[in-house]
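Worksheet: one structure, shown below.
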Amino acid sequence: MSEMTINLKVWRQKNAEAKGGFMEYKLNGVSEHMSFLEMLDVLNENLIKEGRDPVEFDYDCREGICGSCNLVINGKAHGPKHMTAACQLHMRNYNDGDTIVVEPPRAKAFPIVRDLVVDRSAFDRIIEAGGYVSVKTGAAPEANLIPVGQDTANEAFDYATCIGCGACVAACPNSSASLFTGAKLSHLNILPQGQPERDKRAIAMVEQMEKEGFGDCSNHAECEAVCPVGISISAIAQMRRDYMRAVL
Amino acid sequence: MKLDPKIPEGPLEDKWSRHLKDIKLVAPNNKRKHKVIVVGTGLAGASAASSLAELGYQVSTFCIQDSARRAHSIAAQGGINAAKNYPNDGDSVWRLFYDTIKGGDYRSREANVYRLAQNSNNIIDQAVAQGVPFAREYGGLLDNRSFGGAQVSRTFYARGQTGQQLLLGAYQSMMKEVHAGNIKNYPRHEMLDLVKVDGKARGIITRNLVDGSINKFEADAVVLCTGGYGNVFYLSTNAKNSNVTAAWRCHKRGAAFANPCYVQIHPTCIPVSGDYQSKLTLMSESLRNDGRVWVPRDPKDERKPNDIPEEERYYYLEEKYPSFGNLVPRDVASRNAKLVCDEGLGVGDTGLAVYLDFRDAIKREGEDAIRAKYGNLFDMYENITDENPYQVPMKIFPAVHYTMGGLWVDYNLMSNIPGLFVAGEANFSDHGANRLGASALMQGLSDGYFIIPYTVGNYIAGEDLSKVDTSHEAFEEAAKESSGQLDKLLSTDGDKTVVEFHRELGKIMWDKVGISRSKEGLEEAIEEIRALRKEFYENVRVPGESNYYNKYLEFAARVADFFELAELMALDALDRDESCGCHLRDEHQTEEGEALRNDEDFSYVSAWEYNGVNGKLNTTLHKEDLEFEFVELKQRSYK
């Protein structure tokens with residue numbers, strides 16, 4: 001097993017108001033089998049032992065499904081590997097002596113909490129505005145009374161796989177949340193269960209997205225390129241169609 | 001301590017409906033006068049919160065994640081059981097009940113498990129109406145598959161991410177109620193204590209994880225949905241932030257902790273690769289539908305797996321269990337993996353792995369068909385291990401996955417503290433000594449959507465709940481205790497990190513309170529846990545301060561609770577001088593290594609009462625006898 005030395009440049013910032021900056025760290029003994037986050041764990045263990053403050057970053061499942069991690073690595077959300085969340089990125093993608101720059105996702109709508117941790121509650125508020133089917137517990141009909149063709153079910157599923165990490169926002173030159181909002185909206189708007197609220201949902205979610213301070217979409221498709229679960233920008237087209245349909 | 005399970009009288013199939021008939025109701029205009037706190041927003045928490053809010057209660061939700069949608073239910077891969085019998089293969093509520101109680105090795109309550117099976121179908125209806133995209137057949141109707149030891153196809157699934165899709169449904173339903181003003185949602189808040197007034201649960205103390213402030217919240221009832229405690233082992237399939245703290249603090253306030261030694265070790269996880277390892281990744285056991293588990297017959301065989309001819313491969317599950325083969329329940333599969341590795345037949349660098357081979361399935365069905373079923377799991381595997389499972393067999397090993405034990409609850413899911421309800425993995429109620437695959441999602445949602453909304457109402461309607469607010473001295477005291485504990489951890493100027501302590505604790509637990517246990521090993525474990533806990537308080541180093549976002553401070557407080565829980569788990573495993581389900585005592589097994597139950601002496605729920613820690617954990621065992629009126633207790637056999 002080969003061990004590497006990695007040079008890290010990590011964004012450190014005490015809170016949303018404080019001025020932040022890069023700090024440099026040299027980390028020895030990095031195994032190729034470590035995940036990127038495990039490499040940061042090792043850095044933190046070293047920092048704690050030296051009496052310094054560890055680097056704060058968000059994570060939970062470390063399986064690529066909870067969407068907590070959201071690092072921007074060498075300028076790319078979730079790092080170099082296609083369709084891979086940062087927690088599933090392994091150090092075998094790097095070489096001995098590499099310098100790696102680690103930053104938080106930068107967007108006005110995602111204020112920094114500390115270091116690499118940001119506040120993504122804007123996403124929750126977009127869902128709150130209309131990202132649901134209004135069915136109360138107990139009121140549901142027998143499940144097989146709602147047939148859904150396989151093609152429709154699969155298309156809805158592709159959108160439903162969004163893990164809400166915010167990489168799309170980080171990658172967008174306009175800091176737009178269109179891919180997230182489009183995916184969430186499209187999942188419900190193309191299913192039969194979502195039809196009664198389709199127009200209302202489109203207006204509410206799109207307007208909330210704007211209210212949160214995300215930029216608009218100008219078709220760069222950077223979001224699709226970094227999405228760890230491969231959401232297609234057709235979600236944005238669907239969102240725009242549905243929004244126009246609703247307001248016209 | 002009096003533990004009355006409050007199981008309704010009458011025939012099994014009528015117990016729940018009779019109970020509902022007797023349950024007290026809160027008038028619609030009165031509901032909005034009552035506050036309910038829901039802690040945790042996984043499947044149980046989000047579904048309970050949205051359902052209570054729809055009824056009109058003022059609900060507050062708390063979670064440690066930055067969004068309610070990220071609770072660890074999200075990581076469940078395989079599926080959710082229901083007794084719909086869509087495939088027409090003979091399933092029924094009775095059969096789902098029977099399989100679940102048998103799977104739990106007859107260490108759960110008949111009445112609770114039957115109700116779970118009854119509720120299962122409603123869950124599927126509810127989820128589909130919310131837009132949860134379950135797998136469908138060409139005709140547009142729902143598809144089912146066989147899963148984890150079931151001989152019928154009753155598992156509904158959503159590719160390899162059933163947990164995420166069900167949680168998004170429950171979360172969206174919850175956000176709908178946030179929008180309606182019926183739920184106030186507090187993300188990045190950790191519950192640090194339960195506040196009791198006049199013996200009843202009347203509120204909680206939380207720490208705002210962003211600014212470090214300690215906050216007080218009052219309510220008429222508290223619903224704890226904070227998941228399991230598998231992370232006591234340090235390495236597990238749980239998310240890194242999953243912990244026992246909320247449940248343990250309730251235990252310290254008097255809630256009995258039931259069956260703490262029942263831990264499920266999942267058979268199909270990616271093996272450990274090094275000391276830096278931070279967690280273990282589960283490969284859904286649906287893989288066992290098509291993958292064949294084997295090791296080389298010759299322990300010295302160093303050939304690559306594909307070079308080993310058929311007759312030199314030991315398909316140990318198929319040979320030992322001809323009728324269930326690779327689909328034996330999780331505990332049986334895990335134990336056998338350990339057995340073959342103990343015999344020196346394990347593979348990989350560490351010798352702690354077995355093969356899960358898809359060669360024959362690919363030959364039979366084609367690579368595309370296998371990709372359609374398991375594509376995302378195969379990708380995940382390749383990403384982590386750098387090996388292509390379409391070409392070489394996967395290497396797998398068991399890992400801690402789920403904890404069947406938890407806070408003791410009665411039939412209403414209320415703990416022995418009035419007003420404290422416990423749902424989902426955090427309670428002990430439905431899985432006995434072993435949980436079957438695709439049953440966790442079912443239980444979390446059954447509790448949250450279809451039990452808690454009724455039983456919390458029944459409690460509120462029947463109690464005299466005089467007004468309490470957070471200026472009450474009980475809140476002051478609890479808040480002071482919580483911040484005092486954090487200050488103490490920060491001021492211990494030691495030189496070992498929290499992670500180092502946690503890793504050491506996990507190793508003791510894995511070696512001696514893991515897949516198999518013995519009297520000798522457990523007694524050693526108890527001594528080792530006590531010694532390490534003492535060292536923790538003298539020598540831990542926690543960085544930073546308490547008035548800002550400080551994850552290692554959060555960890556330190558959680559590990560402190562794991563240290564106490566660990567001792568309780570070992571004590572419980574020591575008391576349970578039998579084998580049952582996932583709890584295998586070396587002293588009690590058949591010649592073939594199967595768990596040997598002792599129904600005469602151990603057919604009880606162990607419920608432990610906390611009496612403080614003074615070098616050792618002081619605790620009192622109470623027993624709730626399990627009575628079986630409707631099923632006959634049998635030795636489990638999967639041969």
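The values are calculated or read from the model by the stated rules, or taken from the named source; none is laboratory data. Note that the structure is a prediction, hence the values are computed from the model and not measured. Every residue, glycine among them, receives a Cβ derived from its backbone with ideal geometry; neighbour counts consider all protein chains shown.
Yes or no: A:ALA177 closer than 24 Å to A:CYS69 by Cβ and free of Cβ contacts under 8 Å to residues at least 24 places away in the same chain? No. Within the range B:175-189, restricting attention to residues that are under 23 Å from B:ASN241 (Cβ atoms) and part of a helix (DSSP H, G or I), which residue is farthest from the chain's Cα centre (by Cα)? The residue in question is B:VAL178. One residue is enough: does the range B:585-596 have a residue meeting the conditions modelled with pLDDT under 95, surrounded by fewer than 19 Cβ atoms within 10 Å (Cβ to Cβ) and of a type in the set (A, V, I, L, M)? Taking every residue of the range B:585-596 in turn, at least one turns out to be modelled with pLDDT under 95, surrounded by fewer than 19 Cβ atoms within 10 Å (Cβ to Cβ) and of a type in the set (A, V, I, L, M). For the range A:5-22, check the following and say yes or no: at least one residue is within 9 Å of another protein chain (Cβ to nearest Cβ), within 25 Å of B:ILE270 (Cβ to Cβ) and of a type in the set (A, V, I, L, M). The answer is no, given that none of the residues of the range A:5-22 is within 9 Å of another protein chain (Cβ to nearest Cβ), within 25 Å of B:ILE270 (Cβ to Cβ) and of a type in the set (A, V, I, L, M). Of everything in the range B:65-81 that is more than 9 Å from every other protein chain (Cβ to nearest Cβ) and modelled with pLDDT of 95 or more, the residue that is farthest from B:ALA44 (Cα to Cα) is B:ASN81. For the range B:537-551, a tally of residues being out of contact with any strand residue (DSSP E or B) (no Cβ under 8 Å at 6 or more places or on another chain) and surrounded by 20 or more Cβ atoms within 10 Å (Cβ to Cβ) returns 4. Tell me yes or no: at least one residue of the range A:91-104 is within 14 Å of another protein chain (Cβ to nearest Cβ) and either in contact with a His (Cβ under 9 Å, 6 or more places away or on another chain) or modelled with pLDDT under 95 (or both). There is at least one residue in the range A:91-104 that is within 14 Å of another protein chain (Cβ to nearest Cβ) and either in contact with a His (Cβ under 9 Å, 6 or more places away or on another chain) or modelled with pLDDT under 95 (or both). When B:PRO260 is tested against (1) within 14 Å of another protein chain (Cβ to nearest Cβ); (2) buried (at least 24 other Cβ atoms within 10 Å of the Cβ); (3) within 22 Å of B:GLY45 (Cα to Cα), only condition (1) is not met.
Filter the range B:505-523 down to the residues that are of a type in the set (D, E, K, R), in a helix (DSSP H, G or I) and either crowded, with 18+ Cβ neighbours inside 10 Å or within 14 Å of another protein chain (Cβ to nearest Cβ) (or both) and list them by number. Result: B:LYS512, single match. Of everything in the range B:158-185 that is at the interface with chain A (Cβ under 9 Å from one of its Cβ atoms) and among the charged types (D, E, K, R), the residue that is farthest from A:ALA140 (Cα to Cα) is B:ARG159.
The sole residue among B:GLY544, B:GLY581 that is in the same structural domain as B:ASP495 (by TED's automatic domain parsing), small (Gly, Ala, Ser) and modelled with pLDDT under 95 is B:GLY581. The single residue among A:LYS81, A:LYS26 that is among the charged types (D, E, K, R) and either under 21 Å from the mean Cα position of the chain (by Cα) or crowded, with 19+ Cβ neighbours inside 10 Å (or both) turns out to be A:LYS81.
Can you pull out the residues in the range A:88-108 that are part of a loop (DSSP other than H, G, I, E, B) and polar (S, T, N, Q)? Within the range A:88-108, A:ASN95 is the sole residue that qualifies.
Would you point out the residue of the range B:524-579, among those that are of a type in the set (Phe, Trp, Tyr) and closer than 23 Å to A:ASN15 by Cα, that is nearest to the other protein chains (Cβ to nearest Cβ)? Outline the logic, then answer.
Quick first cut of the range B:524-579, residues of a type in the set (Phe, Trp, Tyr) only: B:536-537, B:548-549, B:552, B:555, B:562-563.
Narrowing further to those that are closer than 23 Å to A:ASN15 by Cα: B:548-549, B:552, B:555.
On the way: B:TYR548: 6, B:TYR549: 4, B:TYR552: 6, B:PHE555: 11 Å.
Checking each candidate, the answer is B:TYR549.
Each residue in the range A:1-48 was checked for being of a type in the set (D, E, K, R) and more than 24 Å from A:VAL113 (Cα to Cα), and 3 pass.
Based on what the data block shows, is A:ASP41 outside any loop (DSSP other than H, G, I, E, B), free of Cβ contacts under 8 Å to residues at least 24 places away in the same chain and either buried (at least 23 other Cβ atoms within 10 Å of the Cβ) or acidic (Asp, Glu) (or both)?
Considered against the rule, which asks whether it is outside any loop (DSSP other than H, G, I, E, B), free of Cβ contacts under 8 Å to residues at least 24 places away in the same chain and either buried (at least 23 other Cβ atoms within 10 Å of the Cβ) or acidic (Asp, Glu) (or both), A:ASP41 comes out as yes.
The residue that is surrounded by the fewest Cβ atoms within 10 Å (Cβ to Cβ), among those in the range B:126-149 that are at the interface with chain A (Cβ under 7 Å from one of its Cβ atoms) and under 19 Å from A:THR137 (Cα atoms), is B:ALA129.
Residue count for the range B:371-410 under the criterion of being of a type in the set (Gly, Ala, Ser), modelled with pLDDT of 95 or more and surrounded by fewer than 19 Cβ atoms within 10 Å (Cβ to Cβ): the result is 0.
So, B:VAL26, is that one over 27 Å from the mean Cα position of the chain (by Cα) and buried (at least 20 other Cβ atoms within 10 Å of the Cβ) or not? Spell out how you get there, then give the answer.
On the way: over 27 Å from the mean Cα position of the chain (by Cα): yes; buried (at least 20 other Cβ atoms within 10 Å of the Cβ): yes.
So B:VAL26 fits the description; yes.
Residue-wise test of (1) outside any loop (DSSP other than H, G, I, E, B); (2) surrounded by fewer than 24 Cβ atoms within 10 Å (Cβ to Cβ); (3) within 24 Å of the chain's Cα centre (by Cα).
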position	(1), (2), (3)
B:ILE124	yes, no, yes
B:GLN151	no, yes, yes
B:GLN164	yes, no, yes
B:ALA170	yes, no, yes
B:SER173	yes, no, yes
B:MET191	yes, no, yes
B:PHE217	yes, yes, no
B:GLY228	no, no, yes
